[in-house]
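The values are calculated or read from the model by the stated rules, or taken from the named source; none is laboratory data. Computed from a prediction, not measured in an experiment: that's the story for all the values here. Ideal geometry is used to build each Cβ from the backbone, glycine not excepted, and the neighbour counts take in all protein chains shown.
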Amino acid sequence: MKSKKTLLIRIISIAVLIAIAAAMFVIGRGHTVYFDNKDLEVDGTVYEAPYQIEVFVNDESVAKLKSGDRGMVSTMGQDFSMVLHITPEKDAKKVGSAVALKLPYNLDGIILNLPALLGGAGEDVYLEEFIPAPVVEDADEEVIVTDEFEMPMGDE
Amino acid sequence: MSKKTGTKTIQKGKVGAFLQRSSVPILFILICAVCIPMAGLSPSYLINEIVTRMGRNAFLILSLLIPIMAGMGLNFGMTLGAMAGEIGLILVSDWQIVGIPGMVLAMIISVPISILLGLFCGKILNMAKGREMITSYIISYFINGVYQLVVLYLMGSIIPIKHSSIKLPRGYGIRNTVSLLEMRQKLDNLIPLTIGGVKIPVMTFIIIGILCLVIIWFRRTKLGQDMRAVGQDMEVARDAGINVERTRILSIIISTVLAGIGMIIYLQNMGNIATYSSHSQIGMFCIAALLVGGASVDKASIGNVFLGVILFHLMFIVAPRAGAAITGDSMIGEYFRVFVSYAVITVALVMYETNKRKAKSMESEQLKQEQLEEENK
Amino acid sequence: MNEKAINKKEKSWFGKLVESYGLPRLIITAFLLLLLILAPFVGADLPTQVSNIIARFSWNGILVLAMVPMVHSGCGLNFGLPLGIISGLLGATMSIEFGFTGPLSFVMAILIATPFALVLGTVYGWLLNKIKGGEMMIATYVGFSSVSLMCMMWLILPYKSPNMVWGLSGKGLRTTISLEGYYNEVLANFLRIRIGNLDIPVGTLLFFTVLALGIWAFLHTKTGTAMTAVGSNPTFARAAGINVDKMRLLSVVMSTWLAAVGILVYEQGFGFVQLYMAPFYMALPAVSAILIGGATVNKATIMNVIIGTILFQGIVTMTPTVMNNMIHMDMSEVIRIIVSNGMILYALTRKTEGAK
C-alpha cells in the first residue's frame, strides 16, 4: 500500500518535472533578432527605408537605425513585440507604431526587414533566417585534456 | 574523587575544544587583518566582491553539509554534481534555451545525471568504509575521465550538438569555453537591488535561504535523524534497524544533486563554462571555504558555510595584492592563496584524525578504569 | 558428461588465474598485448615502441619503487610522493647552482637531495604517526601543500645561475630547466645498447636494479621483516616488542628518499627539471602503476613494481600511436585517466584486513 503511494508520488513528480522541462523549452527559447532598415525590392514592390527608425523592446531603446543600418536584440520566447519610432524624413515628426509577431521556433537568428514589415508585406518577405558567416579559424584548436589543475586559481 | 576530576577535565576540554575549533577562523581573521590594509582595496570594492562570491558559492558549499552529517567526511565527490550541472548547461546552450528557463532546464537535466553519479559514488564509498575521503577524491578523478570521454568525444558525434560556437572545429567535442552570455547573472539580477553601491543578488540569496531552511527541516525528518545516527556509529545504527548502506548512499545522492544545482548557479554568475577545468577546482575551494568557516570533518553547520565564504574569499581577494605589495611579485600572492587553501585542508584533516585517536584512546582508558573498579569491588 | 567436466576444470583453472592475477590486471595485460600485436599492422615500428616502453620504464621505475616501504609498514599508498620529489628538485637545482656539470652534477644532486629527504621524511613520518588510519588523505594534502609552498620558494630563493632563472628579471626559477650539459641522460648513456631502432638505456636499468635489489635485501633483514610485521599486524608487532612508530617513520623516510632519487633519474631521462606545479600529480601515476602491478593497499613486492610500471607505461606510450593510426582519434589521455584512477578505486574498495 505504502509502496504504491510512494511510487505514485514518484511518477507524479517525474511527470511534473518533465512538464516543467517542456514548458522551459517553449518559453525559454532564445532568438537573436536583427532589424534591417534597408530598401527591399520583391516582385516589383519596393519598400523604401525611412530616414530613421528607433526600436524599443520592453520600453528600452535597443537600436537607432538610419537608412541602411542593422541593429539587433536578444529575446526569449516566440512572442515578440516592439515599438518603432519612425522618422520618415530628416527633421520630420516621429510616428509611433507597435508591432507584435511570432518568431519561428527553429531559427536562432532572425532578420526583420522593417520597411517591408511596416509596408504590410507577408512574413516570407520581411522575415529571413540569419546565417552567421563561418568563422575562419585554425582547423584544430588545441584541446588540453588533463586530470590536473593547471594553475589552481580559476575563481576569478 | 574520580567523578570530580572527570567533570573538571570535561570543562577544560570544552574551552580547549572551542579554541581548537575556532583556531582556523581566528587565524584567517588575522591573515585578513594583516593583508587588507596592504592590499589597498577600497571597502566598497571588497564588500561588493564578498557579496558576489557569497551568492556564487554558498549553494555549492551547502551541498557538503549532508554527507558530513552522515559521517562520510568531506565529500570530494561533489565534483560529480558539478560535472552533471555543466553537461546540463552545455546541452541547454546548444538548444538555445536562455535566461531563467534555461537555468531551470539545465537543472532538470542535471538531476538524473547527478542521481546516477551519486548512486555510483555512494555504492563505491560503501565498499571503502573508513577511507571515504580518499576514495571520493579518486572517484572525482575517475569520473572526470568519463566526463572528458563524453564531452570531448561523444558530444557532437553521438550526442547531437548543433552550434559551431560551442563545438570544436573538428566536428565533435566541446570547446574549451562555452559562453553563457544569454544566461549571465540573469538569476542574480532578477530582482535588482543596490544598497550603497553594493549590488545584491537578491534572488540568489532567496534560493540559498530556502536551501538553508530545507537543510534545517531535513535534519528533523526521519531520514535526517537516521543519517545522524549512522554518522555517530554505524554499528549502533544498524542494530537500531536503520539501513546503513541505503542511508549513506542517499546522503551522497542528495549532496551530488545539490552540487549540480549549485554549479549552475555558480556558472550563471561567471557567465561562461571552462569546459575542462571549471569543476576540477570547485571541490577544493568549497571544502577549503567550509573548513575556514570553522567546520571540521565530522561537524559542520550552516553558520560555518557563511563565515567560511566571507573569510576564505576575503583572503582570496586580498592575498595576491598584499603579496605584490610585500615582495613586488604578484605571482607570490597567487601561490600564497593556493598554499593557504591546501594548508587549511591539511590542518583540518590532521586535527580531525588526532581528535579521533584521542577520543578512541580516552574511550579505552575509560573502559580500563571501569574494569579496574569492577575488579576492586 | 566428460566434456562438461573438462569445461569445469578449465573454468576453475581460469578462475584461479583471475584470482591470483587479478581481473583488472588481466584485462590491462591483454589490452597491452593487443596493442603490441596491432602496432605493426597500423604502421608503427615495433622496436621503436618497445624502446619507448623500456625508456619510460627506466624513468619511472624508482618513483614507483618509492611506494614499497610505506605500503610494507602499513602507511598505505604514498600519495605524499611530491614531498620526496621536492627534495629531489632542491638537490637538482642546488647542484646546478653550485656549478657542478656532467655526471658529477647527478651525483651531487643525489647527495644534496639526501639531507632534505631525510629531514622532510622525518617530519612527514612523525605527522603520519600521529594520524594512523587516515594516512592516505592527509598524505595527499601534505603533498599539495608542500608543492604550493615550494612554488613560492622557487620564486623567492636566491638562485643566481643564468641557466635556471628567468632571463628578464634575473630572479626566480624558470618552470622548466634544460639539463643539457648537466646530467641529461648520464645513466642512460652508460653501456647503452643500440641495435637498429631498438635502444636500451642499460645504465638506468642497472641503477634501478641496484636500488630494487637494495630494497629487496632490506626487506629480508631483521629490520625489514619487522617493518612488514608492523604493516600486516601492528598489534602483534607491538606485542613482539617492535617499536611500531619507529618502523613506520623509517619506512616513510625511505619512501621519501627513494622519491627524491626517483625524480632525479626521471629528469636525467627526460632531459628537463620541471618545477612549480609539475610535481603536483606525480603521485597518481606512480600509485596506479604499482596497483596495476598487483599490489594492494597493504601489500607490495618488487615484482609488483616492475610489472606495474611496464604495464602502465606500456599503455601510456602505446595507446596514442595505435589509436591515432587506427581511428585518427587520440583518446589516449582519457583512457589513461580512466584506467589509472579506476585502478586506484579498485584497490581502495577491496576489503583489506590491515585497514583500521
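Numbers for the structure displayed
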read-out	value
Residue in the stretch B:185-195 that is surrounded by 18 or more Cβ atoms within 10 Å (Cβ to Cβ), within 12 Å of chain A (Cβ to nearest Cβ) and more than 20 Å from the chain's Cα centre (by Cα) present	yes
Qualifying positions in the stretch B:331-373 - among the β-branched types (Val, Ile, Thr) and under 21 Å from the mean Cα position of the chain (by Cα)	B:Val338, B:Val340, B:Val344, B:Ile345, B:Thr346, B:Val347, B:Val350
Residue match in the stretch A:95-107 (condition: more than 14 Å from every other protein chain (Cβ to nearest Cβ) and outside any strand (DSSP E or B))	no
A:Leu112 being within 11 Å of the chain's Cα centre (by Cα) and either away from every other protein chain (no Cβ under 14 Å) or surrounded by 12 or more Cβ atoms within 10 Å (Cβ to Cβ) (or both)	yes
Criterion violated by C:Thr114 - all others in (1) out of contact with any Lys or Arg (no Cβ under 7 Å at 6 or more places or on another chain); (2) within 14 Å of chain B (Cβ to nearest Cβ); (3) of a type in the set (S, T, N, Q) satisfied	(2)
Pick from the stretch C:159-204, criterion free of Cβ contacts under 8 Å to residues at least 12 places away in the same chain and within 25 Å of C:Phe116 (Cβ to Cβ), ranking: surrounded by the fewest Cβ atoms within 10 Å (Cβ to Cβ)	C:Pro162
Residue in the stretch B:298-311 that is β-branched (Val, Ile, Thr) and at the interface with chain C (Cβ under 10 Å from one of its Cβ atoms) present	no
Residues within the stretch B:346-360 that are within 8 Å of chain C (Cβ to nearest Cβ) and under 21 Å from B:Gly231 (Cα atoms), tallied	7
Qualifying residue in the stretch C:172-185 (condition: away from chain B (no Cβ under 14 Å), of a type in the set (Gly, Ala, Ser) and outside any loop (DSSP other than H, G, I, E, B))	yes
Identity of the residue in the stretch C:114-137, farther than 20 Å from C:Ala260 by Cβ and touching a Ser or Thr at 6+ places or on another chain (Cβ under 7 Å), that ends up surrounded by the fewest Cβ atoms within 10 Å (Cβ to Cβ)	C:Lys130
Members of the stretch A:19-57 found to be assigned to a loop (DSSP other than H, G, I, E, B) and within 13 Å of chain B (Cβ to nearest Cβ), listed by number	A:Gly28
Criterion (aromatic (Phe, Trp, Tyr), modelled with pLDDT of 85 or more and either in a helix (DSSP H, G or I) or loosely packed, with under 11 Cβ neighbours inside 10 Å (or both)) met by exactly one of C:Trp59, C:Trp13	C:Trp59
In the stretch C:325-342, residue nearest to C:Pro24 (Cα to Cα) [restricted to those that are β-branched (Val, Ile, Thr) and more than 7 Å from every other protein chain (Cβ to nearest Cβ)]	C:Val339
Criterion violated by A:Ala49 - all others in (1) over 15 Å from A:Leu118 (Cα atoms); (2) of a type in the set (Gly, Ala, Ser); (3) touching a residue at least 40 places away in the same chain (Cβ under 8 Å) satisfied	(1)
Set B:Asn269, B:Asn304: member being modelled with pLDDT of 90 or more and crowded, with 24+ Cβ neighbours inside 10 Å	B:Asn304
Residue, farthest from the other protein chains (Cβ to nearest Cβ), within the stretch B:158-174, restricted to residues that are among the aliphatic types (A, V, I, L, M) and buried (at least 18 other Cβ atoms within 10 Å of the Cβ)	B:Ile161
Residues (assigned to a loop (DSSP other than H, G, I, E, B) and surrounded by fewer than 24 Cβ atoms within 10 Å (Cβ to Cβ)) located in the stretch C:73-113	C:Phe98, C:Gly99, C:Phe100, C:Thr101
Selected residue (criterion: surrounded by the fewest Cβ atoms within 10 Å (Cβ to Cβ)) from residues of the stretch B:138-147 that are under 21 Å from B:Arg248 (Cα atoms) and more than 7 Å from chain C (Cβ to nearest Cβ)	B:Ile143
Subset tally (residues that are surrounded by 13 or more Cβ atoms within 10 Å (Cβ to Cβ) and more than 14 Å from chain B (Cβ to nearest Cβ)) for the stretch A:71-92	8
Qualifying residue in the stretch C:275-285 (condition: closer than 22 Å to C:Ser58 by Cα, facing another protein chain (nearest Cβ under 9 Å) and in contact with a helix residue (DSSP H, G or I) (Cβ under 7 Å, 6 or more places away or on another chain))	yes
